[in-house]
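Please read the structure below before turning to the comments.
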Amino acid sequence: MRAAICDMVTVARLLNLTLVVPELDKKSFWADPSDFEDIFDVRHFIDSLRDEVRIVRRLPKRFSSKYGFEAFQMPPVSWSNEKYYLEQILPLFSKHKVIHFNRTDTRLANNGIPLALQKLRCRVNFQGLKFTPQIETLGHKLVRILQEKGPFVALHLRYEMDMLAFSGCTHGCTVEEAEELKRLRYAYPWWREKEIVSEERRQQGLCPLTPEEATLVLQALGFTKETQIYIASGEIYGSARRLAPLRAAFPRIVKKETLLDPAELQQFQNHSSQMAALDFMVTLASNTFIPTYDGNMAKVVEGHRRYLGFKKSILPDRKKLVELLDLHQNGTLPWNDFALAVRQAHEKRMGQPFHRRIIPDKPKEEDYFYANPQECLCEGTGCEDVLDPGKSSKVTM
């Protein structure tokens with residue numbers, strides 16, 4: 001959501017067009033009815049970007065469907081650069097006056113974008129998108145409660161029903177649960193991939209870590225029973241049963257529902273995006289951030305933590321971890337060797353500075369702009385030293 005909004009502001013600036021405050025998806029799995037102004041401070045959004053682009057809350061009446069006007073609807077082509085928008089999209093506005101982009105995620109390329117526009121993407125993300133006062137107040141309270149108890153790890157445990165159904169990952173699930181997840185995947189026509197072999201996907205590193213796997217990885221990384229761990233997620237699939245090993249190993253596990261009075265969370269119930277905004281604030285403030293899957297939120301948090309001074313983010317190499325976990329659990333790899341291998345595999349996956357990996361003609365496989373917005377992380381002649389040009393990786397295929 002954040003990345004899509006940042007991209008559309010940037011496209012509006014590039015084309016010198018007026019942007020209507022974005023509409024949010026209400027048809028996803030979670031069916032969240034929240035509007036933009038329920039999550040973000042809309043006045044701040046408009047005012048903070050007024051020097052870059054004109055933003056209005058709604059379309060003028062003459063362009064309203066109530067008055068018979070039908071906006072031209074289209075999804076922009078994914079991962080598109082400046083040339084695409086100037087040559088193919090801008091002429092459409094002369095003809096249609098209003099265009100409704102009905103899909104806006106990953107519609108702007110990671111690389112090959114002018115520096116000024118890359119910096120604008122960051123300005124929107126890090127300054128323009130401020131949460132509502134209600135979310136900010138409660139988010140700050142959550143952070144304060146956690147910090148008063150000492151350092152804490154934010155574990156983004158993406159072991160939720162939608163993720164498992166979408167990805168086809170059923171490792172550790174019962175036969176009945178696997179069938180339930182498969183039925184859900186078939187129920188959503190826009191989830192295009194249907195027949196998935198779970199174990200193949202897991203071996204490729206394409207599945208979120210299970211709570212049991214996350215427990216072993218955290219222990220191998222050196223976290224102990226005294227570690228305070230905040231679970232940033234929606235409802236864990238399998239609920240308390242699947243969380244039991246994690247709780248046994250780390251008794252100081254908490255989540256927003258256990259830290260706050262139910263009355264404080266009541267206004268956010270059934271609004272998954274607003275609940276996620278609270279988690280987002282906590283993940284940014286945490287001493288260490290660990291995502292069990294590199295989805296959109298994990299990537300945006302990773303990039304934001306880089307912007308905040310390269311705060312420690314342990315980014316699991318899931319393909320390597322699955323290999324090590326299986327060897328350990330079948331008795332081939334003793335604990336000490338397993339723990340050493342896990343630590344060695346992640347020495348350079350702690351959110352350190354590095355250049356974004358560029359893969360020509362394969363934008364989905366290259367490093368995501370919002371996970372590493374390098375153009376916004378340092379200024380001046382010392383940037384190469386900060387980003388360490390020796391670690392720059394450009395892949396040609």
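The values are calculated or read from the model by the stated rules, or taken from the named source; none is laboratory data. Everything numeric in this text was worked out from a predicted model, so none of it was measured. Neighbour counts are summed over all protein chains in view; Cβ atoms, including those assigned to glycine, are modelled from backbone coordinates with ideal geometry. Surface accessibility is based on the protein's heavy atoms, side chains included, excluding ligands, DNA and RNA. Shrake-Rupley method; radii C 1.70, N 1.55, O 1.52, S 1.80 Å.
So in region 278-331, with the set limited to residues that are in a strand (DSSP E or B) and within 15 Å of the chain's Cα centre (by Cα), which one is nearest to residue 160 (Cα to Cα)? Here the residue is 291.
Do we have residue 94 as exposed (fewer than 12 other Cβ atoms within 10 Å of the Cβ) and either aromatic (Phe, Trp, Tyr) or modelled with pLDDT under 95 (or both) here? Taking the combined requirement at face value, the residue satisfies it. I'd like to check something: does region 252-268 contain any residue that is in contact with a Pro (Cβ under 6 Å, 6 or more places away or on another chain) and charged (D, E, K, R)? Scanning region 252-268, I find no residue that is in contact with a Pro (Cβ under 6 Å, 6 or more places away or on another chain) and charged (D, E, K, R), so the answer is no. Where residues in region 71-85 are open to solvent by less than 70 Å² (accessible area, probe 1.4 Å), of a type outside the set (Asp, Glu) and assigned to a helix (DSSP H, G or I), which of them is nearest to residue 49 (Cα to Cα)? Across region 71-85, the extreme among qualifying residues is 85.
One line per residue, one yes/no per condition, for (1) outside the structural domain of residue 1 (by the TED database); (2) in contact with a helix residue (DSSP H, G or I) (Cβ under 6 Å, 6 or more places away or on another chain); (3) at pLDDT below 95:
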position: 254; (1), (2), (3): yes, no, no
position: 259; (1), (2), (3): yes, yes, no
position: 268; (1), (2), (3): yes, yes, yes
position: 273; (1), (2), (3): yes, yes, yes
position: 280; (1), (2), (3): yes, no, no
position: 291; (1), (2), (3): yes, yes, no
position: 295; (1), (2), (3): yes, no, yes
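For region 25-47, a residue qualifies if it is open to solvent by less than 20 Å² (accessible area, probe 1.4 Å), under 30 Å from residue 165 (Cα atoms) and either among the hydrophobic types (A, V, I, L, M, F, W, C) or part of a helix (DSSP H, G or I) (or both), and the qualifying residues are 36, 39, 40. Against the test of being open to solvent by 20 Å² or more (accessible area, probe 1.4 Å) and either among the acidic types (Asp, Glu) or without any contact (Cβ under 8 Å) to a residue 60 or more places away in the chain (or both), the options 296, 330, 287 yield a single qualifying residue, 330.
Helices (runs of 4 or more DSSP H) fully within region 161-264 that include at least 3 residues being open to solvent by less than 50 Å² (accessible area, probe 1.4 Å): 161-167, 175-187, 198-203, 211-220, 239-249. Kindly evaluate residue 304 against the criterion of being within 24 Å of residue 138 (Cβ to Cβ), of a type outside the set (A, V, I, L, M), out of contact with any strand residue (DSSP E or B) (no Cβ under 8 Å at 6 or more places or on another chain) and open to solvent by less than 60 Å² (accessible area, probe 1.4 Å). Considered against the rule, which asks whether it is within 24 Å of residue 138 (Cβ to Cβ), of a type outside the set (A, V, I, L, M), out of contact with any strand residue (DSSP E or B) (no Cβ under 8 Å at 6 or more places or on another chain) and open to solvent by less than 60 Å² (accessible area, probe 1.4 Å), residue 304 comes out as yes. Go through the residues of region 105-113 one by one and say whether even a single one is outside the structural domain of residue 325 (by the TED database) and assigned to a helix (DSSP H, G or I). Within region 105-113, not a single residue is outside the structural domain of residue 325 (by the TED database) and assigned to a helix (DSSP H, G or I). A search for C-beta distances below 8 Å between a residue of region 160-180 that is on the phi > 0 side of the Ramachandran plot and any residue that is in a helix (DSSP H, G or I) and of a type in the set (Ser, Thr, Tyr), counting only pairs 6+ apart in sequence or on different chains, returns 168/198. Taking the criterion of being in contact with a Pro (Cβ under 9 Å, 6 or more places away or on another chain) and either surrounded by 14 or more Cβ atoms within 10 Å (Cβ to Cβ) or in the same structural domain as residue 117 (by the TED database) (or both), would at least one residue in region 55-66 satisfy it? No. Looking at residue 158, is it part of a loop (DSSP other than H, G, I, E, B), within 22 Å of the chain's Cα centre (by Cα) and surrounded by 13 or more Cβ atoms within 10 Å (Cβ to Cβ)? Considered against the rule, which asks whether it is part of a loop (DSSP other than H, G, I, E, B), within 22 Å of the chain's Cα centre (by Cα) and surrounded by 13 or more Cβ atoms within 10 Å (Cβ to Cβ), residue 158 comes out as yes.
Among the residues of region 67-114, write down those that are farther than 18 Å from residue 14 by Cβ and of a type in the set (A, V, I, L, M). Listed by number, the list holds a single entry, 71. Among the residues of region 119-159, those identified as farther than 30 Å from residue 379 by Cα, among the polar types (S, T, N, Q) and in contact (Cβ under 8 Å) with a residue 12 or more places away in the chain are 132, 134, 147. Select from region 43-90 the residues that are touching a residue at least 60 places away in the same chain (Cβ under 8 Å), among the hydrophobic types (A, V, I, L, M, F, W, C) and in contact with a strand residue (DSSP E or B) (Cβ under 8 Å, 6 or more places away or on another chain) and list them in ascending order. Correct list: 45, 49, 79, 89. Among all positions in region 113-125, there is at least one residue which is in contact with a His (Cβ under 8 Å, 6 or more places away or on another chain), at negative phi and either surrounded by 15 or more Cβ atoms within 10 Å (Cβ to Cβ) or at pLDDT below 95 (or both).
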